[in-house]
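Enquirer: Before I ask anything, let me first share the structure, which is written out below as structure tokens.
Since every read-out is calculated from the coordinates, none of them should be taken as a lab result. The structure presented is a predicted model; accordingly, all values stated were derived computationally and were not measured. For neighbour counting, all protein chains shown are included, and Cβ atoms are generated from backbone atoms with ideal geometry for every residue, glycine included.
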Amino acid sequence: MDDKERVSWTLDGVLDISRVGDLRTELAGFLEAGYPLVIEAEDAERVDGALLQLLCAFRQAATVAGMEMAWGSVSQALREAAGLTGLTEALGLADAS
């Protein structure tokens, strides 16, 4: 990915199953383009299991595809949801700001 610009994607508001379809489409586009992605989630308010599953699947697919994915700022709500479900490591949130 040395010649590709890093793309920033904002993940905000209530992140529940009602948004998963649209977010999956957006993430699929990022995966297809292969640009390094930074997810900014400092304004994520409520996060449910469906969204966490989507993010885990995306992170795994990105890794397999050799695509760089990183976290920018992460809200307390996202950290807590990941922690309660045991997905902090799987999502790569341990070192996120």
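Enquirer: When only residues in region 1-34 that are under 12 Å from the mean Cα position of the chain (by Cα) and assigned to a strand (DSSP E or B) count, which is nearest to R46 (Cα to Cα)?
Expert: Among those that are under 12 Å from the mean Cα position of the chain (by Cα) and assigned to a strand (DSSP E or B), it is L15.
Enquirer: Being more than 19 Å from L23 (Cα to Cα) and either of a type outside the set (A, V, I, L, M, F, W, C) or in a loop (DSSP other than H, G, I, E, B) (or both), is that true of even one residue in region 54-74?
Expert: There is at least one residue in region 54-74 that is more than 19 Å from L23 (Cα to Cα) and either of a type outside the set (A, V, I, L, M, F, W, C) or in a loop (DSSP other than H, G, I, E, B) (or both).
Enquirer: Which ones in region 35-53 are touching a helix residue (DSSP H, G or I) at 6+ places or on another chain (Cβ under 7 Å) and either closer than 17 Å to D95 by Cβ or assigned to a strand (DSSP E or B) (or both)? Even if it seems obvious, please write down each step before you answer.
Expert: Quick first cut of region 35-53, residues touching a helix residue (DSSP H, G or I) at 6+ places or on another chain (Cβ under 7 Å) only: 37, 41, 44-52.
Within region 35-53, L37, A41, A44, E45, R46, V47 qualify.
Enquirer: Is there a residue in region 26-33 that is surrounded by 15 or more Cβ atoms within 10 Å (Cβ to Cβ), under 21 Å from G83 (Cβ atoms), aliphatic (A, V, I, L, M) and touching a helix residue (DSSP H, G or I) at 6+ places or on another chain (Cβ under 6 Å)?
Expert: Step one: of region 26-33, the residues surrounded by 15 or more Cβ atoms within 10 Å (Cβ to Cβ) are 27, 30-31.
With the extra rule that they be under 21 Å from G83 (Cβ atoms), the set shrinks to none.
So far as region 26-33 goes, no, none of its residues is surrounded by 15 or more Cβ atoms within 10 Å (Cβ to Cβ), under 21 Å from G83 (Cβ atoms), aliphatic (A, V, I, L, M) and touching a helix residue (DSSP H, G or I) at 6+ places or on another chain (Cβ under 6 Å).
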